[in-house]
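Visitor: Structure below; questions to follow.
The values are calculated or read from the model by the stated rules, or taken from the named source; none is laboratory data. Bear in mind the structure is a predicted one, so any value in this text is a computation, not a measurement. Cβ placement follows ideal geometry from the backbone for every residue including glycine, while neighbour counts extend to all protein chains displayed. These area figures cover heavy atoms from the full protein model, side chains too; ligands, DNA and RNA do not enter into them. Shrake-Rupley method; radii C 1.70, N 1.55, O 1.52, S 1.80 Å.
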Amino acid sequence: MFIKNAAVITFDDQDRILENGGVIFDENGKITKIGYSKDLESSLQPNEEVLDAKGQYLMPGNICAHTHFYGAYSRGMYIPGDAPNAFPEILEKLWWKLDKSLDEESTYYSSLICLIDAIKHGTTTLFDHHASPNFIKNSLDTVAKAVLESGLRASLCYEVTDRDGLPKATEGIEENLRFIKRIKDDRDNNFLSATFGLHASLTLSDDTLEAARKKCPPDIGFHIHAAEHIVDEYNSIKKSGMRVVERLNKFGILGPKTIVAHGVHLDICEVDLLVASGTWLTHQPRSNMNNAVGLPDVESMLSAGV
């Protein structure tokens, strides 16, 4: 196919925007040429399908590196009683009640809602962080079903936590392992991948972190919240004498295939650990504003090599 007359946003080293630009790609979906429409038309193959973009933007798909599909149900939700005074109360009054209410059907439809939203906004790959404490086993298959119907790509995981007791923490670990095995066994899959989900240092014991590290395959990374609110740091120091990223590093959670989310309250030593380990940090400005947790020093972290 040849897409012509587009405002092509290249996202290349020069950050070019090609007015009246075009893209040619082959039958396997691989882009073969990018340039100005008038220059590309002479190289078209016979019977090439041509689509006129009529000036619309054409760009690589966005990647959302951290999301919760089930959060679709929180939009506009009223929390009864007094307003939460800080992020820990938001967790207790909203998120931890919402995720406990999820069953197979509600998990599926919340996934569809967010995937449709992603399509409308040009996001083609998402890293989802799922939690449904009363529907753990096979929950990732339910999310995966929606992903495959959408035509998007997604990396999925289950959020392991100790907040609901050891049996459910163990069940969460097993759900991650089961889905990772499914992905590895499906050699024809091009739309799904897996990480190993962990909630946050705040709700994870040393024993659970140790179990997750021992059972997670060495070629799979973790996906975990880190220092989203200052209480995560205070909690980590209280129970381990280390800050959050230091504690995660001790248990082997960091690495080039691991994503830590938020990182609002990291100090310079933690930033250095992320750089040294090659760990990815993903920034959620809308969520941070919504939960009033603060603003990370994104430019300094980028300059440091995160």
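Visitor: Considering the dipole of the chain built from charges on the beta carbon (Lys and Arg +1, Asp and Glu -1) around the Cα centre, which of 255, 292, 17 is farthest to its positive end?
Guide: 255
Visitor: Of the listed pairs 137/250; 30/257; 145/239; 100/257; 100/145, which have alpha-carbon separations greater than 31 Å here?
Guide: Listed pairs above 31 Å: 145/239.
Visitor: Same structure, new question: Kindly provide log₁₀ I(q)/I(0) values, in the same order as q = 0.12, 0.24 Å⁻¹, from the Debye equation applied to equal alpha-carbon scatterers of the stretch 135-220.
Guide: Once normalised to I(0) and log-transformed, intensities are -0.35, -1.16.
Visitor: While we're on this one: Please calculate how many Å² of accessible area the chain carries per residue, with a 1.4 Å probe and no DNA, RNA or ligand atoms counted.
Guide: Heavy-atom accessible area per residue stands at 52 Å².
Visitor: Take the alpha carbon atoms of the stretch 272-295, find their center, do the same for the stretch 90-117, and report the distance between the two centers in whole angstrom.
Guide: Measuring centre to centre over Cα atoms gives 22 Å.
Visitor: Oh, and also: When the Karplus curve 6.51 cos²θ - 1.76 cosθ + 1.60 is applied with θ = phi - 60°, which whole-Hz ³J(HN,Hα) does each residue of the stretch 85-91 get, with x for Gly and Pro?
Guide: So the Karplus estimates, Gly and Pro as x, are 8, 6, 4, x, 6, 5, 4 Hz.
Visitor: Considering all projection directions equally, how large on average is the shadow of the alpha-carbon convex hull of the stretch 45-192, in square nanometres?
Guide: Over all viewing directions, the stretch 45-192 projects a mean Cα-hull area of 12.4 nm².
Visitor: Given all pairs of different Cα atoms, what value in angstroms does the Kirkwood hydrodynamic radius of the stretch 107-165 take?
Guide: Mean inverse Cα-Cα distance, inverted, gives 12.0 Å.
Visitor: In Å and whole numbers, how far do the C-alpha atoms of the stretch 25-86 stretch along each principal axis, longest first?
Guide: Principal-axis extents of the stretch 25-86 (Cα, largest first): 67, 25, 20 Å.
Visitor: Ok, one more. On average over all directions, what projected area in square nanometres does the chain have, based on the convex hull of its Cα atoms?
Guide: Approximately 17.9 nm², given one-decimal rounding.
Visitor: Tally up the carbon and sulfur contribution to the accessible surface of the chain as a whole percent, 1.4 Å probe, everything protein left in place.
Guide: 54 percent
Visitor: Near the amide H of residue 279, under 5 Å away, which other amide H atoms are found, from residues 5 or more places off or on another chain, if H is placed in the peptide plane?
Guide: 255
Visitor: Treating each Cα of the stretch 185-271 as an identical point scatterer and ignoring solvent, apply the Debye formula and state log10 I(q)/I(0) at q = 0.24 Å⁻¹.
Guide: -1.21
Visitor: Quick one: if you stick a label point 7 Å off each Cα along the C-beta vector at residue 213 and residue 181, how many nm between them?
Guide: It is 2.4 nm.
Visitor: Right, here's the next one. Helix-derived [θ] at 222 nm for the chain: sum -39500 (n - 2.57) over DSSP H runs of at least 4, divide by residue count, nearest 500?
Guide: Taken over the chain, the calculation gives -10500 deg cm²/dmol.
Visitor: Considering only the chain, what is the antiparallel percent among its DSSP beta bridges, to the nearest 5?
Guide: Among the beta bridges of the chain, antiparallel pairing accounts for roughly 25 percent.
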